[in-house]
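K.L.:
The structure's right below; bear with me while I get my questions together.
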Amino acid sequence: MRGAATRFAGNPPYWNGPQLSGNWDVIRYYTAEHIRFTLIALALGVLFAFPIAYLSHRRPVLYPPILAMTNVVYAIPSLALFALLGPFLGYTNDKPIIVAMALYTLVILVRNIVEGLRAVPRNVTDAATGLGYGRLRQFAGVELPLAIPTIIAGMRLAAVSTISLITVGGAIGKGALGRMFADGIDRGIDVELTSGVIAVVLLALVADALLLTAGWLLTPWTRARTA
Amino acid sequence: MIQLDRVTKQFPDGTVAVDELSLELPTGEVLALLGTSGSGKTTTLRMINRLIEPTRGTISIDGRDVRSLDVHELRRGIGYVIQQAGLFPHRTVIDNVTTVPRLLGWDRRRSRSRAMELLELFGLDDSMSDRYPAQLSGGQQQRVGVARALAADPPVLLMDEPFGAVDPIVRAQLQVEFARLQRELGKTVVFVTHDVDEAITVGTQIAVLRTGGVLAQIGTPKDVLAHPTDLFVADFMGADRQVKLLGLLPASAVNQRRLADLPSDWEVVLDGAGRPTGWCRRGAPVTTEVITPVRPGATARAVLEAALASESGAAIHVDDHGVATGVSTLDDLSLASIEAAA
């Protein structure tokens with residue numbers, strides 16, 4: 001670990017030797033990057049998914065075409081999508097991969113938010129409207145909270161799939177922990193490759209557990225039992 | 001006062017749900033909108049708080065056209081109760097009840113104390129207030145639904161088959177409870193139901209709608225039972241509508257004979273205090289029989305039931321002390337004479 005801070009100033013750390021020891025900073029560096037990519041991609045995905053889902057929910061005729069569009073985006077192979085986004089976002093920065101990941105989450109998030117909203121019992125929304133709720137207040141105060149279980153289920157899936165898909169970016173020199181896959185294969189360092197895989201899996205498990213917990217905390221009524 | 005003036009609702013697919021409906025409901029009355037499915041009763045109700053907008057005609061509350069008001073303000077000023085209560089599953093009982101006060105911007109303390117007051121009025125104890133709807137019985141949920149509708153003390157209450165989703169025993173309890181509460185509260189209520197007995201129990205007025213949302217008859221429960229305008233109303237009110245009518249008339253209106261004037265050879269057996277203990281044939285040895293006397297305040301229907309249940313074919317009236325005051329036979333149960341006396 002000697003001089004780790006100065007050794008890599010501005011540059012990604014580099015795996016030295018065939019062993020794990022002395023290379024923890026590499027794992028830390030790419031894990032941090034992986035988390036950053038995932039968080040930004042998910043945040044962007046959620047940010048776009050909500051208005052799109054709200055629109056699909058309010059105007060059901062728009063839902064099938066919107067769903068089809070998100071499906072088409074999802075069907076674009078990731079490397080091709082990075083390349084497609086390049087002209088708009090640049091080739092050398094992290095933006096294409098983050099935006100691509102955000103776009104992929106839409107197929108899951110939009111669908112789950114809309115299905116969650118649709119599952120809100122009709123008599124509940126009817127009561128809310130009849131008691132004098134305004135449209136947005138009813139959405140935020142009644143429909144959205146009741147859709148939380150379905151939305152969280154979608155976010156868990158989106159998070160895990162994003163964490164896994166980011167690694168594909170390793171092939172183009174981006175991709176956080178995916179870099180360790182690429183480098184490990186290129187230079188024949190099995191330990192680097194395995195460490196990267198383990199880190200990705202752990203990250204996915206932790207993200208899933210965190211979202212599961214968040215969902216649990218946000219929906220106390222689902223646990224209420226008849227006394 | 002709620003007024004509907006030639007209100008028509010035609011849906012985009014061409015179906016006419018309500019057709020030229022006009023009616024007037026004075027303040028403090030309970031109007032039971034009675035009809036089968038497809039008679040437009042729910043549509044009518046939902047036009048009052050503008051969940052559905054009429055195609056033609058006007059609806060006004062206390063002289064003001066409902067369309068001249070802001071729709072949210074209008075709805076916050078009208079209590080709304082629906083089938084299966086429609087409680088918010090993610091909110092506790094107290095938070096459900098304080099819904100409209102919060103929408104109206106009341107402060108937290110005032111909302112909560114008002115909610116607690118209502119929960120008490122509905123016989124829901126303090127420990128219920130922090131439960132979620134899923135933790136309540138169907139009957140309790142309905143009570144919370146009514147409490148929620150009354151939270152901001154609206155003068156008008158719209159109820160759409162509010163007790164439709166509970167079992168018959170709880171349902172009957174809720175109806176009686178509601179009728180009693182309404183006598184204290186004096187709200188102007190529109191109550192949608194397809195159940196004739198419910199309409200009779202809660203309504204001070206009954207409007208019978210036929211398919212297509214056409215008003216067949218409107219009047220007091222007694223009027224509609226006694227004088228249905230046509231065969232449709234008569235059928236709808238039921239083959240037993242005369243018996244139902246007896247249930248609305250007082251036992252005191254039934255002709256009573258003196259105990260000695262029974263037109264048969266039956267005699268009432270009395271104990272030392274003058275309370276009836278049974279019947280016996282004149283001259284025959286006394287055998288005791290379980291009898292159900294008609295108490296003061298009972299309905300004419302109780303007289304009929306007592307007469308049918310009795311071996312002698314007559315009902316015994318008693319006073320507050322249980323002392324026999326007279327008898328009525330089935331011959332005395334003529335509707336015309338009871339109605340005239342009531």
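The values are calculated or read from the model by the stated rules, or taken from the named source; none is laboratory data. Computed from a predicted structure; not experimentally measured. Reconstructed Cβ throughout: ideal geometry from the backbone, glycine too, with neighbour counts over all protein chains shown. For the accessible areas, the whole protein counts, side chains as well, though only heavy atoms, and no ligand, DNA or RNA atoms are used. Shrake-Rupley method; radii C 1.70, N 1.55, O 1.52, S 1.80 Å.
K.L.:
Under a crude label model (7 Å from the Cα following the beta-carbon direction), how far is B:Thr15 from B:Ser137 in nanometres?
P.N.:
Roughly 3.6 nm, to one decimal.
K.L.:
Which residues' amide hydrogens lie under 5 Å from the amide hydrogen of B:Glu29, considering only partners 5 or more residues apart or on another chain, with H built in the peptide plane?
P.N.:
B:Val189
K.L.:
While we're on this one: Give the relative contact order (percent, whole number) for the range B:291-342; include only Cα pairs under 8 Å separated by 6+ residues.
P.N.:
Relative contact order, the range B:291-342: 31 percent.
K.L.:
Shielding by partners for A:120-126, please: the mean number of other protein chain Cβ atoms within 10 Å of each residue's Cβ.
P.N.:
The mean count of partner-chain Cβ atoms within 10 Å per residue comes to 5.
K.L.:
Let me ask something additional. How much FRET efficiency would the formula 1/(1 + (r/R0)^6) give for A:Ile198 and A:Leu55, where r is the Cβ-Cβ distance and R0 is 56 Å, rounded to 0.05?
P.N.:
Rounded to the nearest 0.05, the efficiency is 0.85.
K.L.:
Related question: What residues of the range A:194-221 lie in the reach of a label at B:Arg102, counting those whose backbone N is under 19 Å from a point 7 Å from the Cα along Cα→Cβ?
P.N.:
Under 19 Å, as judged by backbone N against the label point of B:Arg102, lie A:217-221 of the range A:194-221.
K.L.:
Calculated FRET efficiency, B:Ala336 and B:Asp235, Cβ-Cβ r, R0 25 Å, to nearest 0.05?
P.N.:
Efficiency, from the Cβ-Cβ distance: 0.70.
K.L.:
Next question, about the same structure. Longest span of chain B, sites excluded, free of trypsin sites (Lys or Arg not before Pro) in DSSP loop with at most 13 other C-beta atoms within 10 Å?
P.N.:
B:1-257
K.L.:
Using 0.36 nm per residue of separation minus the Cα-Cα distance, give me the extension gain between B:Arg275 and B:Glu24 in nm, one decimal.
P.N.:
85.4 nm
K.L.:
Once R0 is set to 41 Å, what does the formula 1/(1 + (r/R0)^6) return for the Cβ-Cβ distance between B:Asp167 and B:Arg6, expressed as a FRET efficiency to the nearest 0.05? Walk me through the intermediate numbers first.
P.N.:
On the way: r = 40 Å, r/R0 = 0.97.
Given R0 = 41 Å and the Cβ-Cβ separation, E is 0.55.
K.L.:
Between exposed chymotrypsin sites (Phe, Trp or Tyr not before Pro) in chain A, where DSSP calls loop and at most 16 other Cβ atoms lie within 10 Å, what's the longest gap? It would help to have the intermediate numbers written out before the result.
P.N.:
Values: sites that count: A:Phe8, A:Tyr14, A:Tyr91.
Free of exposed loop sites, the longest segment is A:92-227.
K.L.:
From the phi angles alone, apply the Karplus equation (6.51, -1.76, 1.60; θ = phi - 60°) to the range A:84-93 and give each ³J(HN,Hα) in whole Hz, x where the residue is Gly or Pro.
P.N.:
5, 7, x, x, 8, 10, x, 9, 9, 9
K.L.:
Put A:Thr125, B:Thr27 in order of accessible area, largest first, 1.4 Å probe: what do you get? Present the calculation step by step, with values, prior to reporting the outcome.
P.N.:
Working: A:Thr125 25, B:Thr27 95 Å².
Correct descending sequence by accessible area is B:Thr27, A:Thr125.
K.L.:
Using a Cα distance threshold of under 29 Å, what count of lysine pairs results for the protein assembly as shown when pairs must be 8 or more residues apart or interchain?
P.N.:
Lysine pairs meeting the criterion: 9.
K.L.:
Also: Of all the stretches in chain A, which is the longest one without any exposed loop site, taking trypsin sites (Lys or Arg not before Pro) in a DSSP loop (any state but H, G, I, E, B) with at most 13 other Cβ atoms within 10 Å?
P.N.:
Here the longest segment lacking exposed loop sites spans A:3-186.
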